[in-house]
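Shown next, in structure tokens, is the structure this report addresses.
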Amino acid sequence: MAILVDKSKRILIQGITGREGKARTKLMVEYGSTVVAGCTPGKGGMEVNGTPVFDSVEEAVDKVGQVDISTIFVPAPLVKDAALEAMYAGVKLVVLIPDRVPIYDVLEIEQAARKTGARFVGPNTLGVLSVGEAVLGMIGGRAAAASSWFKKGNVGVTSRSGGITSSIGYYLSKAGVGLTTLVHVGGDPIIGLPHPEVVKLFEEDEKTEAVVMFGEIGSSQEEQVADLIEQGKFTKPLVAFIGGKAAKKGTRFSHAGAIIEGNRGTHEGKVKRLREVGATVVDSFDDLWETTRKLVDKL
């Protein structure tokens, strides 16, 4: 199957009339995503790639019916209002594509998600792609590329880097390893669905038999995944690579959330903890493909 999105999920695009909104709606529709509506205040009555546009999420839901997922392409200062509008209109999964969303705005979005029973991916995410099913955001870049790059199979991918998410999917597929869903959790310090939450979803997915994780220094996401393994809450084989080996204390590595603070979030600590609980951690990024292929061949 897949996690988070498949062909059955009805998707709304907030910010559909902007440059990014138009381009990514085209990608999503061409890949097979079920995009039922778009939303931009003041632009109601338009169409983008055959998708009707409404002035508000509430109006969209009233006119087209149930919306399962909203993917947000609006400027960072407007993300909070867009996310809250979607959640309070009953949308249960919101994907926050933009970076530079103020951290206090993310905290308010998190509070609203708890209150409404919704979940969110990001911010600062490339999105989610379930192979052969649907895409949220921009993984793969173009529908033709995404369709040819990623092979359907039984391995899930969770990553803290957008570009690396696509690269992992491409090289695993090239090595003969098929995929269920690729998730870019986002590169910011506070995100809606970090690694531990994603691997719990993969644990519940009957089609996902193993998971590849791209981790980084900073935060405790990877250590929390190790805790889940130790507690028996994640039981499937895990192959991981942790970026930022050469980074020193106080160094930010690539993303806002990848910074070592004190003794927390170090490369050494993450690798040690994951190996302690039986995860396979490769020392070289290029070892991910062959290591995963050998593991999958034994399943």
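The values are calculated or read from the model by the stated rules, or taken from the named source; none is laboratory data. These figures come from a predicted structure and were not determined experimentally. No Cβ is skipped: glycine too gets one built from the backbone with ideal geometry, and neighbour counts run over all protein chains shown.
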Notebook entry, point to check: Can V177 be described as of a type in the set (V, I, T), outside the structural domain of E216 (by TED's automatic domain parsing) and more than 19 Å from I72 (Cα to Cα)?
Noted result: no
Checklist line | Of the criteria (1) more than 25 Å from L193 (Cβ to Cβ); (2) outside any strand (DSSP E or B), which one P52 fails | finding: (2)
Next item on the list: Output the number of the condition that I217 fails; it satisfies all remaining conditions of (1) within 19 Å of the chain's Cα centre (by Cα); (2) of a type in the set (A, V, I, L, M); (3) under 15 Å from T292 (Cα atoms).
Entry: (3)
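To keep it simple, each residue is scored yes or no on (1) in contact (Cβ under 8 Å) with a residue 24 or more places away in the chain; (2) buried (at least 17 other Cβ atoms within 10 Å of the Cβ); (3) in contact with a strand residue (DSSP E or B) (Cβ under 6 Å, 6 or more places away or on another chain).
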position: I3; (1), (2), (3): yes, yes, yes
position: S33; (1), (2), (3): yes, yes, yes
position: G44; (1), (2), (3): no, no, yes
position: G65; (1), (2), (3): yes, no, no
position: D81; (1), (2), (3): no, no, no
Margin query: Suppose we keep only residues that are buried (at least 24 other Cβ atoms within 10 Å of the Cβ) and hydrophobic (A, V, I, L, M, F, W, C) within segment 147-181. Which one would you say is farthest from the chain's Cα centre (by Cα)?
Written below: V177
Checklist line | Selection status of P123, closer than 23 Å to T40 by Cβ and either without any contact (Cβ under 8 Å) to a residue 24 or more places away in the chain or crowded, with 20+ Cβ neighbours inside 10 Å (or both) | finding: yes
Margin query: Checking I164 against (1) in the same structural domain as E290 (by TED's automatic domain parsing); (2) of a type in the set (A, V, I, L, M, F, W, C); (3) at pLDDT 95 or above: exactly one of these is not met. Which one?
Written below: (3)
Notebook entry, point to check: Among V225, V212, which is in contact with a Ser or Thr (Cβ under 8 Å, 6 or more places away or on another chain), assigned by TED's automatic domain parsing to the domain that holds R275 and either buried (at least 18 other Cβ atoms within 10 Å of the Cβ) or of a type in the set (F, W, Y) (or both)?
Noted result: V212
Checklist line | Selection count, segment 182-198, where residues are crowded, with 24+ Cβ neighbours inside 10 Å, under 19 Å from P237 (Cα atoms) and in contact with a helix residue (DSSP H, G or I) (Cβ under 8 Å, 6 or more places away or on another chain) | finding: 3
Checklist line | Verdict on R114 being of a type in the set (K, R) and modelled with pLDDT under 95 | finding: no
Next item on the list: Among residues belonging to segment 68-90 that are in contact with a helix residue (DSSP H, G or I) (Cβ under 7 Å, 6 or more places away or on another chain) and assigned to a loop (DSSP other than H, G, I, E, B), point out the one that is nearest to L129 (Cα to Cα).
Entry: F73
